[in-house]
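Just so it is clear, none of the values below were taken in a lab; they were calculated from the coordinates. Values in this document were obtained by computation on a predicted structure and should not be read as measured data. Don't worry about glycine lacking a Cβ; one is built from the backbone with ideal geometry, like all the others, and counts go over all protein chains shown.
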Amino acid sequence: MTTTAQPAGAAMTGISDWAGSPVSTLHRTPAQPLPIPVEQYADSTGYVIRLEVPGINPATDLTVSVETGAIVVRAERRDSAPEGRQSEFRYGRLSRRIPLPLGANAGDVSASYHEGILTVRIGFEAEHQQAARTIDIEIEP
């Protein structure tokens, strides 16, 4: 019969990820606000930024601002669950700073919130709204 020695604590592998553990990695409290997940794209009217911020009250816990060439979104998800529960939800401050794309009009920004998704729309600068045009190619001898 052959036996393999297990390193000390091998039976406890993964215990630090058990939610009730005092060393759980599931309940880290970051010093910095958590980043907000984002997706970005351009459509025919401008740039669109969508941010995932469910579980907040947008009237009191969400701000959108334009600061030094960037859109800045700040939110706070308040913990309202009963004491003694096991939770993997993230509570606290959330934020995201998204640089304005080239050609974005910082004076033409709007935001809406629906079912946990914040949508920020940024218009194009006037020069970027022009129709496509063909550029003549100069052929050098």
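A few comments on the model shown:
- Boolean, residue 90 is among the basic types (Lys, Arg) and not in a strand (DSSP E or B): yes
- Single residue of 97, 74, 50 found to be in contact with a Ser or Thr (Cβ under 9 Å, 6 or more places away or on another chain), free of Cβ contacts under 8 Å to residues at least 60 places away in the same chain and not in a loop (DSSP other than H, G, I, E, B): 74
- Residue, surrounded by the most Cβ atoms within 10 Å (Cβ to Cβ), within the range 114-131, restricted to residues that are part of a strand (DSSP E or B), touching a residue at least 60 places away in the same chain (Cβ under 8 Å) and not polar (S, T, N, Q): 122
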